[in-house]
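The values are calculated or read from the model by the stated rules, or taken from the named source; none is laboratory data. This one's a predicted model, so the numbers in the text were calculated from it and none came from an experiment. Ideal geometry is used to build each Cβ from the backbone, glycine not excepted, and the neighbour counts take in all protein chains shown.
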Amino acid sequence: MQDIEIADIRNLTQVIKERYNYDFTNYAMSSFKRRVQRVIDLYKFASVGHLVSRIKEDPAFFHDFISEITVNVTEMFRDPSFWRVVRDHIIPNIMLNHDTISIWHAGCSSGEEVFSMSIMLKEMGVLNKAKIIATDIDKEILDKAKKGLYAVKHMDLNEKNYIRYQGTGSLKDYYEEREGKVYMDRSLVANVSWREHNLVNGPVFNKFDLVLCRNVMIYFNQTLQNEVLKRLHESMFKYGYLAIGSKESLIWCEIANKFIVVNNEEKIYKKIKE
Amino acid sequence: MNRFKLHNRYKAVVIGGSAGSFQGITRILSGIPQDFSLPIIMCLHRLKHVRNGFTEALSIKSIKPVTEPCDKENIKKGQVYLAPANYHMSIELGNSFSLSTEEMVNNSRPAIDITLETAAYVYKDRLIGILLSGANRDGALGMKKIKERGGLTIVQDPADCMIDTMPAAAMQLTEIDHCLNIDGIIRFLIELDKQYK
Ligand SMILES: C[S@@+](CC[C@H](N)C(=O)[O-])C[C@H]1O[C@@H](n2cnc3c(N)ncnc32)[C@H](O)[C@@H]1O
């Protein structure tokens, strides 16, 4: 199997940009290349050129391409210690000054992070005070998130995370198992609005007290991380909080000085300057 | 004496290890010179949901503290890096790390193949790949890529391994330049380091 050349990738992203206005030019090369290879293997294309032609001709296929190219792997209560900090420090701090709280899950994938948030807020007794918006570039995964329907095989890990998070109940309180599938309690997300949104070129559509953008910017190169961070910054109230993945960092970004670190271990930042 | 015919154009050492490699790794990290000249980039199979403790355990005897890089962190000479739990770790052109949560590869995240393959792509013939004890086939394909791009390949001698499946799989798939026990690997790295002094 011939390795994909960078020139092939450049050509592919150029075509996508011109034809569909999605911009993948500044995605991290190593993982993007693997994702493209994966699509080529999956659909048995003879070369990147064949993939490009198909994308040009077939908009329906392009949407399948988007959902294959994005990495949707996620968990409920991923990094349980992160969720404890949000519960014990971040939410109480926000609630000191407001009686409502607005939250944005940027890159929510299949919704596990959103359900985790809702469960946490419910157990804190403040779910009805929260306004939550969950967005992703991948329409198909958003449809899955809205349904709150998961494979039983993933629940083992989710349960373990919940236990390590030290929730007040049992994760089983929040779902039903039927015919080998897990149906989440939909009332948890009754106040969540799910939207298709591209962090790369989508509009700044609101301001939030808390933005979670975890394990999303790792798929971008540093140039794009800088740009997207500016958008996230614009989407936050002053003194609002931003959470990124536990192995990401803002310190290299141009506007790092507009944030302070609230918790370095869990990568939670606070906006201190407009 | 230059038993291994080494030179000073190598840019990095990548090490893969799995079951039965912990002791070997700690011996290597304590046996090489304090001011080792190249970055050492390690991908070891580890518990997926235990974030802390592993780097600390490896650091106790190591010449340098072992660190888990953040996404897009630059790779520095003489540092010892470990792929973080539950993330694949790639090397990016421009000499930085990239992390990802893609599906498991060879039942593993981090997968050794991913680290080795991306390192081979970036460093080409300036790379040394070392594969240690382990119970699956992860790393074999990565070693093949290193060889294809002109890098140097070393496996822990199967006879010296607690579990030899991993190095044996690599030997089956590609040409291996040196098959050494842990002491031999340490001697190799010491000699490599001398080329830079
Ligand atoms: C690995 S998931 C992260 C899920 C969750 N936040 C977590 O940490 O478990 C990354 C998500 O980012 C989304 N994504 C990738 N590029 C994006 C973009 N440009 N705009 C919005 N979402 C994007 C992907 O579709 C995917 O669902």
Right, A:A134: within 16 Å of the ligand (Cβ to nearest atom), assigned by TED's automatic domain parsing to the domain that holds A:F208 and touching a Phe, Trp or Tyr at 6+ places or on another chain (Cβ under 8 Å) or not?
yes
Among the residues of region B:102-112, write down those that are away from every other protein chain (no Cβ under 12 Å) and either free of Cβ contacts under 8 Å to residues at least 24 places away in the same chain or assigned to a loop (DSSP other than H, G, I, E, B) (or both).
B:N106, B:N107
Would you mind stating whether B:S37 is assigned to a loop (DSSP other than H, G, I, E, B) and of a type in the set (S, T, Y)?
yes
So B:R51 clears everything in (1) surrounded by fewer than 18 Cβ atoms within 10 Å (Cβ to Cβ); (2) at pLDDT below 95; (3) under 19 Å from B:S100 (Cα atoms) except one condition, right? Which one?
(1)
Of the residues that make up region A:183-203, is at least one under 26 Å from A:I260 (Cα atoms), of a type in the set (A, V, I, L, M) and not in a strand (DSSP E or B)?
yes
For A:V182, are the conditions met, namely being more than 10 Å from the ligand (Cβ to nearest atom), out of contact with any Lys or Arg (no Cβ under 9 Å at 6 or more places or on another chain), hydrophobic (A, V, I, L, M, F, W, C) and modelled with pLDDT of 95 or more?
yes
Going by what's in this entry, would B:Y81 be described as aromatic (F, W, Y) and without any contact (Cβ under 8 Å) to a residue 40 or more places away in the chain?
no
Spans of helices (runs of 4 or more DSSP H) in region A:44-118 with at least 3 residues away from chain B (no Cβ under 14 Å) and within 16 Å of the ligand (Cβ to nearest atom)
A:59-69
All-but-one check, B:R51 against (1) in contact with a Phe, Trp or Tyr (Cβ under 7 Å, 6 or more places away or on another chain); (2) within 14 Å of chain A (Cβ to nearest Cβ), failing number (1)
Residues in region B:88-96: is at least one assigned to a loop (DSSP other than H, G, I, E, B), more than 8 Å from chain A (Cβ to nearest Cβ) and surrounded by 16 or more Cβ atoms within 10 Å (Cβ to Cβ)?
no
Selection from region A:214-236 of residues that are touching a residue at least 60 places away in the same chain (Cβ under 8 Å) and away from the ligand (no atom under 13 Å from the Cβ)
A:T223
For A:K247, only one of the following conditions fails: (1) surrounded by fewer than 22 Cβ atoms within 10 Å (Cβ to Cβ); (2) touching a Cys at 6+ places or on another chain (Cβ under 6 Å). What is its number?
(1)
All positions within region A:41-64 that are in contact (Cβ under 8 Å) with a residue 12 or more places away in the chain and aliphatic (A, V, I, L, M)
A:L42, A:V48, A:L51, A:V52, A:I55
Apart from one, (1) under 25 Å from B:R51 (Cα atoms); (2) within 14 Å of chain B (Cβ to nearest Cβ); (3) within 12 Å of the ligand (Cβ to nearest atom) all hold for A:V211; the odd one out is (2)
Look at B:I25 and say whether it is away from chain A (no Cβ under 14 Å) and either buried (at least 16 other Cβ atoms within 10 Å of the Cβ) or within 28 Å of A:N221 (Cβ to Cβ) (or both).
yes
Report yes if some residue within region B:55-77 is within 21 Å of B:S30 (Cα to Cα), within 10 Å of another protein chain (Cβ to nearest Cβ) and among the acidic types (D, E); otherwise report no.
yes
Out of B:S133, B:S96, I need the residue that is among the small types (G, A, S) and over 30 Å from A:E68 (Cβ atoms). Which one?
B:S133
Number of the condition not met by B:L99 [criteria: (1) within 9 Å of chain A (Cβ to nearest Cβ); (2) surrounded by 14 or more Cβ atoms within 10 Å (Cβ to Cβ); (3) assigned to a loop (DSSP other than H, G, I, E, B)]:
(3)
